[in-house]
1. Out of the residues in region 158-179 meeting the condition of being part of a loop (DSSP other than H, G, I, E, B) and touching a residue at least 24 places away in the same chain (Cβ under 8 Å), tell me which one is farthest from LEU194 (Cα to Cα).
2. Go through region 163-183 and count every residue that is small (Gly, Ala, Ser) and buried (at least 18 other Cβ atoms within 10 Å of the Cβ).
3. Would you tally the residues in region 184-201 being open to solvent by less than 60 Å² (accessible area, probe 1.4 Å), free of Cβ contacts under 8 Å to residues at least 40 places away in the same chain and outside any strand (DSSP E or B)?
4. How many residues are touching a helix residue (DSSP H, G or I) at 6+ places or on another chain (Cβ under 7 Å) and open to solvent by 80 Å² or more (accessible area, probe 1.4 Å) when one looks only at region 102-122?
5. Output the number of residues of region 17-47 satisfying the condition of being open to solvent by 50 Å² or more (accessible area, probe 1.4 Å) and not charged (D, E, K, R).
6. I'm checking my understanding of the structure. Among residues of region 123-162 that are open to solvent by 90 Å² or more (accessible area, probe 1.4 Å) and in contact with a Phe, Trp or Tyr (Cβ under 9 Å, 6 or more places away or on another chain), which one is modelled with the lowest pLDDT?
7. Out of VAL11, VAL25, VAL83, report the one residue that is modelled with pLDDT of 90 or more and under 19 Å from ILE313 (Cβ atoms).
8. Consider TYR50 against the criteria (1) touching a residue at least 40 places away in the same chain (Cβ under 8 Å); (2) buried (at least 16 other Cβ atoms within 10 Å of the Cβ); (3) part of a strand (DSSP E or B); (4) not polar (S, T, N, Q): it satisfies all of them except one. Which criterion is unmet?
Amino acid sequence: MITNQDMKLQVIFQDQEFIFKRSIVELNIEKINKRLNHKIKLPEFYTLYYEDFDGDLIDIICDADLKALIECNQGQKLLKLYVQQTSEQLAAFKRKPRTDRKEMFQKMITETVNSMIPQIVQQVKQQVQPVQEKMIVEEPKPSPIKPTVLHPKVRCDGCDMFPIVGSRYKCSVCEDFDYCETCESRHPHMHPFLKIRTPEQSPAILIAVLGEKSDLRIQLQQKAKLENFLNEWIMEVEDSQVQEVKHEEPNTTISLDQTIPIQLAESDYRLNSEQEQSMLILCDLLQASPEKIKQLVLSFDGLTPEQIYEMIIEDQNAIEYLKQTII
């Protein structure tokens, strides 16, 4: 069943027409004329009328006429009104000059930003000045001297440095081949290197397999070599272990009789006024957080959230522009 809430309004003037997206029960004569001024090229002086089933023309000049028309057409999905050009003496309405909304929004936003620039500059000065004073007062600290790292019993096969000072580069394939940092950067080598920064990082055994198709026999030999090394290491650990340290796990049992108090915080935001409801509608329309919508409302000096909503609801370009502006 179609209700008045489902009824839409269509306004026709010559070969132009416009259908309001909102329900007709949410409109009034002022809102209708204000929206038509942006959607249809209206004559300077005009009146709105409705044509009934008998072909009679009924003037619609006030909200009472519109309400009576809605009650007489209950159950209809679309209600049509016509614009008729008249003289100034007979006209019920006069066309108002159009305003470029996008230009108006840009001007308002620009003025708001310009008014905030002195405050922003002052805040930046307050944050930067202590840092500058600190940089001037504090003396530069000498850079810490890195300790010299030696690799005992290791000779560089490039320059014969003994022992190697700094990082050591061990060939991952050759049995005994090492470079110092200088030789590794200057002299190329056919195999990849393992970088060893300290003697403690030196591996006991190093196995490398090069190429996608390595010889199976070599892989098996390397695997057996690694297994033997691991078995010997495990035996040495078992022989040297003289006592076992037991770690007592803390008692984590929780009694079923214990109760855990849970406090549910009440919502910090409640709809207790039409203005807050309009704010939520703007959040949904512009897909933005309440904080950003509050900032947007403050930038429109003198306009309420409901007035902003009325201003942009039928203008998709304005909606998209505001979405990009508040990101």
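1. Filtering first and then ranking leaves CYS159.
2. Residues in region 163-183 being small (Gly, Ala, Ser) and buried (at least 18 other Cβ atoms within 10 Å of the Cβ): 0 in total.
3. So the count comes out to 2.
4. So the answer is 1.
5. Total meeting the criteria: 3.
6. That would be LYS153.
7. So the residue among VAL11, VAL25, VAL83 that is modelled with pLDDT of 90 or more and under 19 Å from ILE313 (Cβ atoms) is VAL11.
8. (1)
The values are calculated or read from the model by the stated rules, or taken from the named source; none is laboratory data. All of these numbers come straight from a predicted model, not from anything done at the bench. Counting neighbours? That spans all protein chains shown, and the Cβs are built from the backbone with ideal geometry, glycine included. Surface accessibility is based on the protein's heavy atoms, side chains included, excluding ligands, DNA and RNA. Shrake-Rupley method; radii C 1.70, N 1.55, O 1.52, S 1.80 Å.
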